[in-house]
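Note sheet for the following structure.
The values are calculated or read from the model by the stated rules, or taken from the named source; none is laboratory data. All values derive from a computational prediction rather than experimental measurement. Reconstructed Cβ throughout: ideal geometry from the backbone, glycine too, with neighbour counts over all protein chains shown. When the accessible area is computed, the model is the full protein with side chains, heavy atoms only, and any ligands, DNA or RNA have been set aside. Shrake-Rupley method; radii C 1.70, N 1.55, O 1.52, S 1.80 Å.
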Amino acid sequence: MSYTPTDLVKAEKNVVLAERHIAAQQEVLAMMRAAGTDTSGAEELLAKFEADLGRAERIRDWIASGLGERGREQRAAA
């Protein structure tokens with residue numbers, strides 16, 4: 001598959017969104033801990049958000065490396 005700079009922008013937005021989910025969930029966890037509430041479900045959700053972030057970063061990096069390779073190929077052909 002061929003990627004475009006627009007794909008990279010979308011992938012970066014997904015990384016930022018995942019980071020925001022993690023930050024929000026960490027706040028929820030802090031409030032739950034302060035209230036003495038069971039946090040096991042919230043911790044599981046945080047782990048899923050962290051896994052999502054890892055996937056989003058790998059996809060972004062994959063797209064970026066593909067664009068970099070294509071850019072080098074285009075410069076070599078010129």
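Restricting Ala56, Ala42, Ala23 to residues that are in contact with a Leu (Cβ under 9 Å, 6 or more places away or on another chain), free of Cβ contacts under 8 Å to residues at least 40 places away in the same chain and among the small types (Gly, Ala, Ser) narrows the list to Ala42. The single condition from (1) under 14 Å from the mean Cα position of the chain (by Cα); (2) open to solvent by 90 Å² or more (accessible area, probe 1.4 Å) that Leu17 fails is (2).
Restricting Ser65, Ser2 to those that are assigned to a helix (DSSP H, G or I) and at pLDDT below 95 reduces the list to Ser65. Close contacts from region 1-19, counting a first residue that is free of Cβ contacts under 8 Å to residues at least 40 places away in the same chain and of a type in the set (A, V, I, L, M, F, W, C) and a second that is surrounded by 12 or more Cβ atoms within 10 Å (Cβ to Cβ) and outside any loop (DSSP other than H, G, I, E, B), with Cβ to Cβ under 7 Å and a gap of 6+ residues or different chains, come to Ala18/Phe49; Ala18/Asp52; Ala18/Leu53; Ala18/Ala56.
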